[in-house]
Amino acid sequence: MNSSVHRGIGMTSQRTRERLMQRLKDEGIRSRTVLGTIRNTPRHIFVDEALASRAYEDTALPIGHGQTISQPYIVARMTEVLLEDGPLETVLEVGTGSGYQTAVLAQLVKRVYSVERISALQRLARMRFQEMNLRNIRLRHTDGGMGLLEYAPFDGIIVTAAPEGIPRALVEQLRPGGRMVLPIGTRQEQVLVKVIRTESGYEKEILEQVAFVPLLGGVL
């Protein structure tokens, strides 16, 4: 999308952004820090130009390759749960996708490591991070289900596609006391789960029903 289109949407989107903020509050998002970051993140640059006018609706939108940009409520909810015990230093994101969740996290934590299996999506995301001048994101083109062992342990992990169960490889890359927020389940039924790494394994808490694309293996 060219910069003049960006500026035009950016200038006219303030009312729609404020409506989105009110909706997120109505849906239970309480963190002022998360709400402020969502408000200030230009979601319209993370979608195709044809969908830019819908960027501040509270809905998931297609980004190609069978993937979607997550609904703003889900981004806010997962971020709020990840950070509910205070700021984190290092976070692993499994599934860069459009880069929107990554950009929100990068404004709230010291460093984000983000893995993506589809190289075309990663290239677009990198350009968006450059446009926002976000310098604390490390991208890797790899199968995210195995995590990023060379940079472990992480204070937090966020997974933006749904495995059928909790991946042990990811749990083991959390520091003790670290937390992971992820959807798990089948295409028909998924729940959002918070996982806390313990000395002997992990504890989990089911948060709510969700709908994500499935977590797939391999790279493209």
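Key figures
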quantity	calculated
Selection from segment 124-143 of residues that are of a type outside the set (A, V, I, L, M, F, W, C), open to solvent by less than 80 Å² (accessible area, probe 1.4 Å) and either part of a loop (DSSP other than H, G, I, E, B) or in contact with an Asp or Glu (Cβ under 7 Å, 6 or more places away or on another chain) (or both)	ASN136, HIS141, THR142, ASP143
Residue in segment 74-84 that is assigned to a strand (DSSP E or B) and touching a helix residue (DSSP H, G or I) at 6+ places or on another chain (Cβ under 6 Å) present	no
Output for segment 110-122, where each listed residue is closer than 17 Å to LEU83 by Cα and either open to solvent by 10 Å² or more (accessible area, probe 1.4 Å) or modelled with pLDDT under 95 (or both)	LYS110, ARG111, TYR113
Qualifying residues in segment 14-48 (those that are outside any helix (DSSP H, G or I) and at pLDDT 90 or above) - the one most open to solvent (accessible area, probe 1.4 Å)	ARG30
Residue under evaluation THR160, criteria (1) in contact (Cβ under 8 Å) with a residue 40 or more places away in the chain; (2) among the polar types (S, T, N, Q); (3) touching a strand residue (DSSP E or B) at 6+ places or on another chain (Cβ under 6 Å), criterion not met	(3)
Strands (runs of 3 or more DSSP E) contained in segment 165-213 and holding at least 2 residues in contact with a Gly (Cβ under 7 Å, 6 or more places away or on another chain) and in contact (Cβ under 8 Å) with a residue 24 or more places away in the chain	174-185
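The values are calculated or read from the model by the stated rules, or taken from the named source; none is laboratory data. Quick caveat, the model's predicted, so the values are computed rather than measured. Cβ coordinates were reconstructed from backbone atoms using ideal geometry, including for glycine residues, and neighbour counts include every protein chain displayed. SASA here: full protein model, heavy atoms, side chains in, ligands and nucleic acids out. Shrake-Rupley method; radii C 1.70, N 1.55, O 1.52, S 1.80 Å.
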